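Data block below; observations after.
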Amino acid sequence: MSVISVDAGTTMIKAVGYDGDGVESCVVRQETTLARRQAGWVEQDMAEVWNAVVHAVRTVVAELDEPPDYLALTAQGDGCWLVDNLGRPTGPAILWNDGRAAAIVEQWRSDGLLEDAFRVNGSMGFAGLPHAILTWLRRYNPDRLRRSSAALTCGGWLFSKLTGRVGVDSSDAAAPFVDPRTGEYSTMLLQRFDMAWARSLLPEILDGRRRVAELSAVAAAQLGVPEGTAVVLSSYDIASTSVGCGAVEPGQACSILGTTLCTEMVIDSAALDAALAGPPAGLTIPLGVPDRMLRALPTLAGGEVIQWACRMLGLDSPGDLGELAREVPPGAGGLSFLPYLSPAGERAPFLNDAARGSLMGLSFEHTRSHVARAVLEGLTLVIADCLATSTVAPTELRVCGGGAASATWCQLIADITGVPTSRSSDSEIGARGAMVLGATYTRASPDVSSAVGRYVTVRDTFAPDAEAHAEYTELYRDFLALREIAGEGWPRLARMRTRAPSLTSAGPIPALRPAELAREEGYRVRPNQQTVTHPTQPDRRAP
């Protein structure tokens, strides 16, 4: 038996090959590009994404000893990937972190519509969700809507290319139109957003065995995989990652330290009403596991903040940032960093398109080490804020993503949250989750719990330091108070930006190249290939 999992992230496509024991035998990473044609816009060429998947899978196929039993697929969520009635893109994909519809969302919020909708489906709307993007297109680019027949997600787009079937997995469909009690699109929600016209664009919701289809002849020829191979559309990336971490039971939580900083708590259906009555923030989505949902709070800025800090401080890698931060004690000498650096503002654990970052308390006494410490502490305090907003008290926290390579950050997360923090043995957790769910839906495994027990292993665990946690509990209160103060200035800063030259000419912050990612995660990259293999003794030096 062998399996190939694809995890189509925002800036990196990953394909992972697993052997008969479920062990990662090879990992291929293929970079993709983002287009920022105007301030706040984030788009992707859909054909480029598909071609990256083809390249990555073909490279994995060449590494395997036998054809895969099935292909499992997970991908970035939200956004709007529009296709025509022949399945062809009608333009670039508009991504989850696109901010062009911010004014529309702000109007919905001021009208009370966003909170009303949250009480129905447990998801707080933001500019990168389909309802906002489709409304924007209807106002400013109606011709594209006329040429489109389905509003897909990245996973849905790739599933259609692999199988010819048009649909969306239940987790990706959840926000903003699905009633979680029924699992179906809500006519009432469509009417509340004045979007009954969009119903014809919403694809079939795929769950259970409907997630499985056969690889088409055309895709098989491109991938080098036999026609008819089972293709499983897993939950979208944040849910598949929770499964890949082993967080599938109530009381377990997962924090993805990636492009987005996504903290999510597993709940059962009995807790759904409490979630809908709680603070209006984040998303409530199916996990892909029967009777399990996620309360997910994905921020708009995570790993990119680390990259920005490295660039600003002249550092070569995130590991260097951790080393620098360790030179000073907790509290960063009185510096407080608000990590809201996305041009689209913030969406969780609060929604404010005007939110911006700041470094408060600077003096001549502070060094680069203090700034590095403040950056890591600020990002970690956001994780604590997401846990508090969820109203779910976790018993354990699993972490993954590029940031989990840093032992410094993992220990800081445990100290600030007060929750034992573990990281997985795998390098690609979303792909592992897709593989686990794929085993369940192809009936290679009897259920998800059995598959998790067999295929998911923990690398190490960081216990909270009681003294540090007590200090950070006080610093968390300071963080919230300072954010409230800074927030009073965000509207004025927004007005200032309308008078200032655009910043987009500087270009996006470059992502780490695959070799740098591999170095941070303790894996080697073969020359001239983006295939990553486990070394005999993984380098687990703490960055």
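Suppose we keep only residues that are within 28 Å of the chain's Cα centre (by Cα) and in a helix (DSSP H, G or I) within the stretch 210-221. Which one would you say is farthest from Glu63 (Cα to Cα)?
The residue in question is Arg210.
Yes or no: the stretch 425-436 includes at least one residue that is free of Cβ contacts under 8 Å to residues at least 60 places away in the same chain and over 17 Å from Gly17 (Cα atoms).
No: the stretch 425-436 contains no residue that is free of Cβ contacts under 8 Å to residues at least 60 places away in the same chain and over 17 Å from Gly17 (Cα atoms).
Looking only at the stretch 31-54, which residues are buried (at least 21 other Cβ atoms within 10 Å of the Cβ) and either in a strand (DSSP E or B) or among the β-branched types (Val, Ile, Thr) (or both)?
Within the stretch 31-54, Val42, Gln44, Val49, Val53 meet the criteria.
Name, by its number, the condition in (1) under 22 Å from the mean Cα position of the chain (by Cα); (2) surrounded by fewer than 18 Cβ atoms within 10 Å (Cβ to Cβ) that does not hold for Gly224.
(1)
Residues are listed down the side, and each one gets a yes or a no for (1) in contact (Cβ under 8 Å) with a residue 60 or more places away in the chain; (2) of a type in the set (S, T, N, Q); (3) touching a helix residue (DSSP H, G or I) at 6+ places or on another chain (Cβ under 9 Å):
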residue	(1), (2), (3)
Arg147	yes, no, no
Gly156	yes, no, yes
Gly164	yes, no, yes
Val178	no, no, yes
Arg181	yes, no, yes
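So is Asp415 crowded, with 20+ Cβ neighbours inside 10 Å, assigned to a loop (DSSP other than H, G, I, E, B) and either touching an Asp or Glu at 6+ places or on another chain (Cβ under 9 Å) or of a type in the set (A, V, I, L, M, F, W, C) (or both) or not?
no
How about the stretch 85-141: which of its residues are basic (Lys, Arg), more than 21 Å from Gly278 (Cβ to Cβ) and not in a loop (DSSP other than H, G, I, E, B)?
Arg138, Arg139 - these are the residues of the stretch 85-141 that are basic (Lys, Arg), more than 21 Å from Gly278 (Cβ to Cβ) and not in a loop (DSSP other than H, G, I, E, B).
Restricting attention to the stretch 363-398, which residues are part of a loop (DSSP other than H, G, I, E, B), of a type in the set (Ser, Thr, Tyr) and modelled with pLDDT of 95 or more?
Ser363, Thr367
Return only the number of the condition from (1) touching an Asp or Glu at 6+ places or on another chain (Cβ under 7 Å); (2) within 30 Å of Arg495 (Cα to Cα); (3) aliphatic (A, V, I, L, M) that Leu114 does not satisfy.
(1)
Just the residues that are polar (S, T, N, Q), over 13 Å from the mean Cα position of the chain (by Cα) and crowded, with 22+ Cβ neighbours inside 10 Å, please, taken from the stretch 253-311.
Pass one, the stretch 253-311, residues polar (S, T, N, Q): 255, 259-260, 263, 269, 284, 299, 307.
Remaining after also requiring over 13 Å from the mean Cα position of the chain (by Cα): 269, 284, 307.
Residue satisfying the conditions is Thr284 alone.
If Val243 satisfies every condition in (1) surrounded by 24 or more Cβ atoms within 10 Å (Cβ to Cβ); (2) more than 13 Å from the chain's Cα centre (by Cα); (3) within 23 Å of Gly125 (Cβ to Cβ) but one, which is the exception?
All conditions are met except number (3).
Which residue, of Ser160, Ser171, is in a helix (DSSP H, G or I), among the small types (Gly, Ala, Ser), in contact (Cβ under 8 Å) with a residue 12 or more places away in the chain and farther than 17 Å from Ala275 by Cβ?
Ser160
Which of the residues that make up the stretch 341-371 are more than 16 Å from Leu480 (Cα to Cα) and more than 24 Å from the chain's Cα centre (by Cα)?
Result: Leu362, Ser363, Phe364, Glu365, His366, Thr367, Arg368, Ser369, His370, Val371.
Out of the stretch 338-362, which residues are buried (at least 23 other Cβ atoms within 10 Å of the Cβ) and modelled with pLDDT of 95 or more?
Selection gives Pro339, Tyr340, Ala355.
The values are calculated or read from the model by the stated rules, or taken from the named source; none is laboratory data. Nothing here was measured: the structure is a model prediction, and the numbers come from that model. Neighbour counts are summed over all protein chains in view; Cβ atoms, including those assigned to glycine, are modelled from backbone coordinates with ideal geometry.
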